[in-house]
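Visitor: Starting off with a structure, shown below.
The values are calculated or read from the model by the stated rules, or taken from the named source; none is laboratory data. From a predicted model like this one, the values you see are computed outputs, not experimental measurements. Virtual Cβ from ideal backbone geometry, glycine too; neighbours counted across all protein chains shown.
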Amino acid sequence: MKTSILAVAAVIAATAAFPAAAQTTSATGTVTINGSVADRCQFTLPSDVINAGELSLQGSGATAGKLDSSKLDGQTRTLQGWCNGTAATMSVEAQRLVNTTFTTTPPAGFDRVVNYIATATANSANATDTSVTDGAGSSVPVGMFTGDVKVTLSGSSSPTSGLLVAGDYSGQVLVTLTPSVTPAP
Amino acid sequence: MKRLALTLLAAAALPGIAHAQATDTATADVGVSGTVAKLCTLGTPTPAPVDVGQMANTSGARVGKITVIAPRTVTLPGSFCNFAGSAITVTATALVSTDASAVEPGFAKAVNYTADVANWAAGSATVTTAATAGGGSPTASATGPTQPAPKVADLDVTLSNFTAPSDFLLTAGAYSGLVVVKLGPVASGGD
């Protein structure tokens, strides 16, 4: 009987002690913070101009009046831009120079179009395109980079190697940086 | 106290949505321009100079008077203008004796002729000299029709219809004349 009383007392004591133990247990709440950075490309220097001047050969020789290819070949301009994703690509489209003041079909022996090849170089990647065919050239991986996008012209020619019709000629090179879709992690 | 986990999710961070929207393509342009100046070029005259030889008859009923001189044609190959609206101007100077002495009555020291430049426009540029017997006023000029397009062609300059003023007797000596062909934009209009 005495033993029984002690046992009860022990239970009471244990019960009485329980609130004290609850006061020392930690509780943790968690706030998870997520964000993202989308794949992106941007030009910080998005345009420039090449004014090639007189495009035809001067003088009175057999080539007088025909394209002076030195006026376009080797011309370079440096744009600037960046892409923040490893899957970014670059393409270039060379749009031929066309006589904007003489718009009809030229007679035999004359040309009113000047073609060329444009090459864009960024992050050691080269994208090229010829203006002979419409549309942009093939895209090349350019990856994550920031800095120069160098545009170079080469291989200029006229369709029939004929005499160039007098007038003003205009074309352009379009460089496109595409971020592409990166694989989901 | 219940354990509470509160998660904040940005919609853009959801896989499959975020990357599909990543289409921020950037395009830059380099304008390329140039000009081609108006240009006309005449090919080298072939043959040149032209020597018509003996111009007076040395016998017969017309002895001493101008003989029949066959037409001469000079070609200017590969002549061109790279613009619309060009024309040819031909200036001819009669064959005149290089002897400056005055001529006696009944004699002439000039030979006139017709210069015709063909194969440029719809019609030729033609001029006929009208020098006097004494060699005065030997030069004449004319402009042909307008060529409405850029053109490259072999120009033919034909010299013909050689005559002496009043069909007088020709004085002896060397004669020389000149034909100048000018190819360029028309005086008014033209591109």
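Visitor: Considering only residues that are away from every other protein chain (no Cβ under 11 Å) and closer than 16 Å to B:PRO49 by Cα, which ones fall in the stretch B:70-90?
Guide: Listed by number, the residues that qualify are B:ALA70, B:PRO71, B:ARG72, B:THR73, B:VAL74, B:THR75, B:LEU76.
Visitor: I would also like to ask the following. Hey, among A:ALA10, A:ALA64, which residue is at pLDDT below 95 and either facing another protein chain (nearest Cβ under 10 Å) or surrounded by 15 or more Cβ atoms within 10 Å (Cβ to Cβ) (or both)?
Guide: Values: A:ALA10 fails: either facing another protein chain (nearest Cβ under 10 Å) or surrounded by 15 or more Cβ atoms within 10 Å (Cβ to Cβ) (or both).
Exactly one residue qualifies, and that residue is A:ALA64.
Visitor: Now, a different point. Quick one: B:ASP99 ticks every box in (1) out of contact with any strand residue (DSSP E or B) (no Cβ under 8 Å at 6 or more places or on another chain); (2) of a type in the set (D, E, K, R); (3) modelled with pLDDT of 95 or more except a single one, so which number is it?
Guide: (3)
Visitor: Considering only the stretch A:104-126, how many residues are over 20 Å from A:ASP68 (Cβ atoms) and more than 11 Å from chain B (Cβ to nearest Cβ)?
Guide: Of the residues in that region, 6 qualify.
Visitor: What residue, of A:SER131, A:SER156, is touching a helix residue (DSSP H, G or I) at 6+ places or on another chain (Cβ under 7 Å) and at pLDDT 95 or above? Working first, answer last.
Guide: Numbers: A:SER131 fails: touching a helix residue (DSSP H, G or I) at 6+ places or on another chain (Cβ under 7 Å).
A:SER156 is the lone residue from the list that is touching a helix residue (DSSP H, G or I) at 6+ places or on another chain (Cβ under 7 Å) and at pLDDT 95 or above.
Visitor: Whether any residue in the stretch B:59-75 is of a type in the set (A, V, I, L, M) and touching a helix residue (DSSP H, G or I) at 6+ places or on another chain (Cβ under 9 Å) is what I want to check. Please lay out each step first, then the result.
Guide: Going residue by residue through the stretch B:59-75, those that are of a type in the set (A, V, I, L, M) are B:61, B:63, B:66, B:68-70, B:74.
Those left that are additionally touching a helix residue (DSSP H, G or I) at 6+ places or on another chain (Cβ under 9 Å): B:66.
Yes, the stretch B:59-75 contains a residue that is of a type in the set (A, V, I, L, M) and touching a helix residue (DSSP H, G or I) at 6+ places or on another chain (Cβ under 9 Å).
Visitor: Right, something else. Among the listed residues A:THR152, A:THR160, A:THR133, identify the single one that is surrounded by fewer than 16 Cβ atoms within 10 Å (Cβ to Cβ) and within 14 Å of chain B (Cβ to nearest Cβ). Lay out the reasoning, then the answer.
Guide: Values: A:THR152 fails: surrounded by fewer than 16 Cβ atoms within 10 Å (Cβ to Cβ); A:THR133 fails: within 14 Å of chain B (Cβ to nearest Cβ).
The match here is A:THR160.
Visitor: If you scan the stretch B:28-48, which residues turn out to be within 14 Å of chain A (Cβ to nearest Cβ) and either more than 30 Å from A:ILE117 (Cβ to Cβ) or assigned to a loop (DSSP other than H, G, I, E, B) (or both)? Talk me through it step by step, then tell me what you get.
Guide: If we filter the stretch B:28-48 for residues that are within 14 Å of chain A (Cβ to nearest Cβ), which is where we start, we get B:28-45.
If the condition is that a residue be within 14 Å of chain A (Cβ to nearest Cβ) and either more than 30 Å from A:ILE117 (Cβ to Cβ) or assigned to a loop (DSSP other than H, G, I, E, B) (or both), then B:ALA37, B:LYS38, B:LEU39, B:CYS40, B:LEU42, B:GLY43, B:THR44, B:PRO45 are the ones that fit.
Visitor: Considering every residue within the stretch B:133-146, establish whether at least one is free of Cβ contacts under 8 Å to residues at least 60 places away in the same chain and in contact with a Pro (Cβ under 8 Å, 6 or more places away or on another chain).
Guide: Yes, there is a match, as at least one residue in the stretch B:133-146 is free of Cβ contacts under 8 Å to residues at least 60 places away in the same chain and in contact with a Pro (Cβ under 8 Å, 6 or more places away or on another chain).
Visitor: A follow-up question, please. Which of the residues spanning the stretch B:45-88 are of a type in the set (S, T, N, Q) and surrounded by 13 or more Cβ atoms within 10 Å (Cβ to Cβ)? I'd like the intermediate steps shown before the answer.
Guide: First pass over the stretch B:45-88, keeping only residues of a type in the set (S, T, N, Q): B:46, B:54, B:57-59, B:67, B:73, B:75, B:79, B:82, B:86.
Listed by number, the residues that qualify are B:ASN57, B:THR67, B:THR73, B:THR75, B:SER79, B:ASN82, B:SER86.
Visitor: Can you spot a residue in the stretch A:164-180 that is more than 9 Å from chain B (Cβ to nearest Cβ), surrounded by fewer than 16 Cβ atoms within 10 Å (Cβ to Cβ) and closer than 30 Å to B:ALA153 by Cβ?
Guide: Residues of the stretch A:164-180 more than 9 Å from chain B (Cβ to nearest Cβ): none.
Checking the stretch A:164-180: not a single residue is more than 9 Å from chain B (Cβ to nearest Cβ), surrounded by fewer than 16 Cβ atoms within 10 Å (Cβ to Cβ) and closer than 30 Å to B:ALA153 by Cβ.
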